[in-house]
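What follows is a single structure, written as structure tokens, with notes after it.
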Amino acid sequence: MKIPIKVLIADNHAIVRNGVISLLEKKENIEIVAQAANGLEVLRLLQSGIAPDVILTDIAMPEMDGIALTELLKLNYPTIKILILTTADQEEFIISSFSAGAQGYLLKNVNIAEVVFAIEQLAAGYKHLCTAIGLKLLNHLQGRFILNSKNLKANIQLSKRELEILSLIAEGYTNGEIADKLFTSKCTIEGNRQNLLDKTGKKNTASLINFVVRNGIID
């Protein structure tokens, strides 16, 4: 039989602590070793000899919050894993928690199966971010990418002729072939190609085509 993972629960709401404890106590691989209402109580318990593998803590607690607690635990009890369980889904709290030394972050609306899975992951040396936050951060990053792409297009002003030349370059035509198609000189096309490289900040045709396709400037 495997040795159970020792867990300490820290939350200033007794009803939350009791609810989490009653659910986790049913799991054979988890042992609740203590509970606390704030960070100071956690430190006192550790000083008294309580030795959890994982501390499950809220952020908003009186006297010492979860992030301050995490910072102290990282310095003085580096082997203990910290799993944040909170209602705070703001990016700044997530970043602050992991920067302080937390290995996991859960929202209180997750089911008990995910709490157990996160505890197991942390005990095994991994990190865990709940699915809802992961999806939120992904959507946020995608939004930034789209915004940056739009700004990029606005900043690079291309004429109709330049877009036409870009499309022909992307299709693999040489400067001479493009000149014939557009009824102009090869020298003019070479100048246009160089202007496109200068505008996009690229050094060669391959990187130019990759850039304009990736940013939706041409299909």
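Brief remarks on what is shown
- Of the helices (runs of 4 or more DSSP H) contained entirely in region 120-202, those carrying at least 2 residues that are of a type in the set (D, E, K, R), open to solvent by 70 Å² or more (accessible area, probe 1.4 Å) and at pLDDT below 80 fall at 131-155.
- When residues of region 44-70 are limited to those that are of a type in the set (D, E, K, R) and surrounded by fewer than 21 Cβ atoms within 10 Å (Cβ to Cβ), the one nearest to Leu8 (Cα to Cα): Asp53
- Among the residues here, Ala88 qualifies as open to solvent by less than 30 Å² (accessible area, probe 1.4 Å) and in a loop (DSSP other than H, G, I, E, B).
- Conditions (1) without any contact (Cβ under 8 Å) to a residue 40 or more places away in the chain; (2) buried (at least 20 other Cβ atoms within 10 Å of the Cβ); (3) in contact with a helix residue (DSSP H, G or I) (Cβ under 7 Å, 6 or more places away or on another chain); number of the one not met by Leu73: (3)
- Ala100 being closer than 23 Å to Gly134 by Cα, out of contact with any strand residue (DSSP E or B) (no Cβ under 7 Å at 6 or more places or on another chain) and open to solvent by less than 30 Å² (accessible area, probe 1.4 Å): yes
- Residue list for region 1-18, restricted to those being part of a helix (DSSP H, G or I) and touching a residue at least 40 places away in the same chain (Cβ under 8 Å): Val16
- The set of residues in region 19-43 that are assigned to a helix (DSSP H, G or I), at pLDDT below 95 and open to solvent by 40 Å² or more (accessible area, probe 1.4 Å) comprises Ser22, Leu23.
The values are calculated or read from the model by the stated rules, or taken from the named source; none is laboratory data. The structure presented is a predicted model; accordingly, all values stated were derived computationally and were not measured. Backbone-built Cβ (ideal geometry, glycine too); neighbour counts: all protein chains shown. SASA here: full protein model, heavy atoms, side chains in, ligands and nucleic acids out. Shrake-Rupley method; radii C 1.70, N 1.55, O 1.52, S 1.80 Å.
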